[in-house]
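Participant: Starting off with a structure, shown below.
The values are calculated or read from the model by the stated rules, or taken from the named source; none is laboratory data. Here the structure is a predicted model, which means the values were calculated and not measured. Note: ideal-geometry Cβ built from the backbone for every residue, glycine included; neighbour counts use all protein chains shown. For the accessible areas, the whole protein counts, side chains as well, though only heavy atoms, and no ligand, DNA or RNA atoms are used. Shrake-Rupley method; radii C 1.70, N 1.55, O 1.52, S 1.80 Å.
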Amino acid sequence: MKMTTIHILFIFSLLSSISLYSHASVNDFCVADLKGTDSPSGYNCKPVSSVTADDFVFSGLVAGDTNNTFKAALTSAFVTDFPGVNGLGVSAARLDIAKGGSIPMHTHPGATELLIMVEGEITAGFMTPTALYSKTLKPGDVMVFPQGQLHFQVNSGKTKATAFLAFSSANPGAQLLDLLLFGNGLSSQIVAETTFLDVSQVKKLKARFGGKN
């Protein structure tokens, strides 16, 4: 009786796997219907009858405005910009960093990032609980940042720097450490106690990043 139950469960699991594989094979793509809502599996699909070649082309990967706090700009080709990548587990972006600029410590909880240097010089790296992996990159260099790892990019050259990015998710998301720490309404006293910064410094940073209290 136990063996029969195991066999039934095995067959059910096998049929489920075949069903999922067949579904993926039949649906070669799923262009996002951005009028709907996003979910862990992506957006709902547009009707195939309304899909055009334009859904699979993104023409906006141009230099962004670096006139901001970080002196940097990320021009994204994520699913919200580029519906054709919906469900494909891939997206792209362009990174421009002015002289003296940087992308602060951040993570992409749902994606690995690949950085391809095009112009200038960027010092980049990521950290684990036991090690730092950092390198100064020049045109032609490629660096990968594993999913979920805290990482950064700093323009360490004398001119602007440009790189292209690829992600293993159609919508990688990002959590910037500076904004998480200083762009909220948590008491400055608590932030100071948990970061070992002076309260006055925390308040100064909160003012810069839009935080309160």
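Participant: Kindly provide the set of residues from the range 138-166 that are more than 19 Å from Phe70 (Cα to Cα) and either out of contact with any Gly (no Cβ under 9 Å at 6 or more places or on another chain) or open to solvent by 50 Å² or more (accessible area, probe 1.4 Å) (or both), ordered by number. Break it down into steps so the answer makes sense when it comes.
Facilitator: Of the residues in the range 138-166, the ones more than 19 Å from Phe70 (Cα to Cα) are 138-149, 166.
Matches in the range 138-166: Lys138, Pro139, Gly140, Asp141, Val142, Val144, Pro146, Gln147, Gln149, Ala166.
Participant: Among (1) buried (at least 16 other Cβ atoms within 10 Å of the Cβ); (2) among the β-branched types (Val, Ile, Thr); (3) under 25 Å from Gly89 (Cβ atoms); (4) more than 17 Å from the chain's Cα centre (by Cα), there is one condition Thr107 misses while meeting the rest; what is its number?
Facilitator: That leaves (4) as the condition not met.
Participant: What single numbered condition from (1) in contact with a helix residue (DSSP H, G or I) (Cβ under 7 Å, 6 or more places away or on another chain); (2) at negative phi fails to hold for Asn213?
Facilitator: (2)
Here's the yes/no breakdown for (1) closer than 30 Å to Phe182 by Cα; (2) surrounded by fewer than 17 Cβ atoms within 10 Å (Cβ to Cβ); (3) small (Gly, Ala, Ser):
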{"residue": "Cys30", "(1), (2), (3)": "no, no, no"}
{"residue": "Asp38", "(1), (2), (3)": "yes, yes, no"}
{"residue": "Gly60", "(1), (2), (3)": "no, yes, yes"}
{"residue": "Asn68", "(1), (2), (3)": "yes, yes, no"}
{"residue": "Leu115", "(1), (2), (3)": "yes, no, no"}
{"residue": "Gly125", "(1), (2), (3)": "yes, no, yes"}
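Participant: I need the full set of residues from the range 198-208 which are of a type outside the set (Lys, Arg) and surrounded by fewer than 17 Cβ atoms within 10 Å (Cβ to Cβ), in order please. Can you show your working first?
Facilitator: Our first condition is that a residue be of a type outside the set (Lys, Arg); within the range 198-208, this holds for 198-202, 205, 207.
Passing the criteria: Asp198, Val199, Ser200, Gln201, Ala207.
Participant: Also, I was wondering about something else. Hey, can you tell me all the residues within the range 167-188 that are touching a residue at least 12 places away in the same chain (Cβ under 8 Å), more than 11 Å from the chain's Cα centre (by Cα) and surrounded by fewer than 19 Cβ atoms within 10 Å (Cβ to Cβ)? Full working, then the answer.
Facilitator: First, pick out the residues of the range 167-188 that are touching a residue at least 12 places away in the same chain (Cβ under 8 Å): 167-179, 181-188.
Pick out the ones that are also more than 11 Å from the chain's Cα centre (by Cα) and you get 177-179, 181-188.
Selection gives Leu177, Asp178, Leu179, Gly183, Asn184, Gly185, Leu186, Ser187.
Participant: Out of Phe126, Phe209, Phe164, report the one residue that is of a type in the set (Phe, Trp, Tyr), under 30 Å from Thr80 (Cα atoms) and in contact with a Pro (Cβ under 9 Å, 6 or more places away or on another chain). Show your work before the answer.
Facilitator: Values: Phe209 fails: in contact with a Pro (Cβ under 9 Å, 6 or more places away or on another chain); Phe164 fails: in contact with a Pro (Cβ under 9 Å, 6 or more places away or on another chain).
Unique residue meeting the criteria: Phe126.
Participant: Name the single residue, out of those in the range 133-152 being among the charged types (D, E, K, R) and closer than 16 Å to Phe164 by Cα, that is farthest from the chain's Cα centre (by Cα).
Facilitator: Taking the range 133-152 first, the residues among the charged types (D, E, K, R) are 135, 138, 141.
In the following step, the residues that additionally are closer than 16 Å to Phe164 by Cα were identified as 138, 141.
Numbers: Lys138: 22, Asp141: 20 Å.
Ranking the candidates gives Lys138 first.
Participant: Can you find a residue that is under 24 Å from Ala32 (Cβ atoms) and either among the aromatic types (Phe, Trp, Tyr) or in contact with a strand residue (DSSP E or B) (Cβ under 9 Å, 6 or more places away or on another chain) (or both) anywhere in the range 119-141?
Facilitator: Residues of the range 119-141 that are under 24 Å from Ala32 (Cβ atoms), as a first pass: none.
No, the range 119-141 has no match at all.
Participant: If only one of Asp81, Asp38, Asp54 is over 29 Å from Gly100 (Cα atoms) and in contact (Cβ under 8 Å) with a residue 12 or more places away in the chain, which one is it? Write out each step before concluding.
Facilitator: Working: Asp81 fails: over 29 Å from Gly100 (Cα atoms); Asp54 fails: in contact (Cβ under 8 Å) with a residue 12 or more places away in the chain.
That would be Asp38, the only listed residue that is over 29 Å from Gly100 (Cα atoms) and in contact (Cβ under 8 Å) with a residue 12 or more places away in the chain.
Participant: Can you name every residue in the range 40-58 that is open to solvent by 30 Å² or more (accessible area, probe 1.4 Å) and not in a loop (DSSP other than H, G, I, E, B)?
Facilitator: Hits for the range 40-58 are Cys45, Val48, Ser49, Ser50, Ala53, Asp54, Phe56.
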